[in-house]
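Here's the structure, in C-alpha cells; my notes come after.
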Amino acid sequence: MTWTPKAEYHLAEKTINKDDILDLCGWLGVEGNLESIGPTPRLTQGELVREFEAAFAKHVDSKHAIFVNSGSSANLLAWFLPIAIDREAVTENRRVVVPAVSWATSVMPAIQFGYEPVLCEADADTWGLDVADLRRICEKAPPSIVLLVHVLGVPCKMKEIAELKEEFGFLLIEDACAAFGSQPVGKFGELTTHSLYYGHSMSTIEGGMVCTNGDDG
C-alpha cells in the first residue's frame with residue numbers, strides 16, 4: 001500500500017519580490033545607482049525597529065515583543081529568561097520537555113543552559129507534542145518547562161496542552177518560528193518565539209521575535 005500525503009508543506013518559500021527590493025533601495029536612499037545614495041538610515045535597532053516591535057506585539061495580542069537577529073536567537077533568549085527571572089526555581093527542577101520533531105536551535109539552548117531535556121513523542125496529525133505522551137511524562141515527574149514547536153505552521157493541539165499546563169503547572173514556551181499567522185498560535189505560553197527568516201510567511205530577510213505578556217525581567 002502506497003501512502004499519499006494529503007497536502008504539501010514546503011519548508012521555505014520566496015517571500016521577497018522585486019517591489020520589496022525597490023522599496024528597500026528607496027529607504028536606503030538609492031535612486032538608480034550607487035553614486036546617488038543619500039543620507040543612510042540607521043540599519044540596526046533604530047526607531048523603525050521600535051515601531052515594528054510595537055506593531056508586532058499588537059498583531060499577535062502580546063504585551064511585549066523584542067526583536068533579535070534570528071529565530072534561533074529568539075529561542076536562545078526564551079530558554080535563558082526563566083533562569084534570569086527565577087534561577088533558584090529552575091535549578092531545583094531542571095527537567096524540561098522538548099518535542100521529538102523540531103529544529104536543532106529549538107532544543108540545543110536547553111542543553112547549553114544545563115536543563116535536562118526529555119523527548120516527547122510526535123502527534124501523528126500535527127507533528128507537535130503528542131498529548132498522551134506528554135501526560136505520561138508529566139505524571140512520572142512534572143517538568144519545570146515544556147517546549148512545543150508548531151511544525152511547518154501546523155498548530156499543536158493547544159486545548160489539550162493548555163489543560164495539562166493548568167494541571168501540572170509547567171511554564172510553556174511556544175516555538176512559532178515557522179507558524180506566524182497560524183491560529184491558535186502564541187496565545188497559551190509564557191513565551192513565544194517567531195522567526196522572520198527569508199523563507200517564512202513574513203520576513204525581514206533575517207530576524208526573530210520573542211513575545212510575552214509577562215512583566216518580569
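The values are calculated or read from the model by the stated rules, or taken from the named source; none is laboratory data. Just so it is clear, the structure is predicted and the values come from calculations on it, not from any experiment. Note that each Cβ is placed from the backbone with ideal geometry, even for glycine, and that neighbours are counted across all protein chains shown. With ligands, DNA and RNA removed, areas are computed over all heavy atoms of the protein, side chains included. Shrake-Rupley method; radii C 1.70, N 1.55, O 1.52, S 1.80 Å.
Brief remarks follow.
- In the range 69-92, the residues that are within 27 Å of T204 (Cα to Cα), open to solvent by 70 Å² or more (accessible area, probe 1.4 Å) and part of a helix (DSSP H, G or I): F80
- V146 being touching a Phe, Trp or Tyr at 6+ places or on another chain (Cβ under 9 Å), in contact (Cβ under 8 Å) with a residue 12 or more places away in the chain and surrounded by fewer than 22 Cβ atoms within 10 Å (Cβ to Cβ): no
- Candidate set from the range 135-159 (those that are of a type outside the set (A, V, I, L, M) and outside any loop (DSSP other than H, G, I, E, B)); member that is nearest to A178 (Cα to Cα): G153
- Comparison of M202, M209, M108 shows that the only residue that is under 19 Å from the mean Cα position of the chain (by Cα) and assigned to a loop (DSSP other than H, G, I, E, B) is M202.
- Among (1) at pLDDT 95 or above; (2) closer than 18 Å to A74 by Cβ; (3) in contact with a strand residue (DSSP E or B) (Cβ under 7 Å, 6 or more places away or on another chain), the one test that L134 misses: (2)
- The residues of the range 160-185 that are more than 17 Å from V98 (Cα to Cα), outside any helix (DSSP H, G or I) and open to solvent by 20 Å² or more (accessible area, probe 1.4 Å), listed by number, are F180, G181, S182, Q183, P184.
- Selection within the range 111-134 - outside any strand (DSSP E or B) and surrounded by 14 or more Cβ atoms within 10 Å (Cβ to Cβ): F113, Y115, E121, D123, T126, W127, G128, D130, V131, D133, L134
- Test: A100 is modelled with pLDDT of 90 or more and open to solvent by 50 Å² or more (accessible area, probe 1.4 Å): yes
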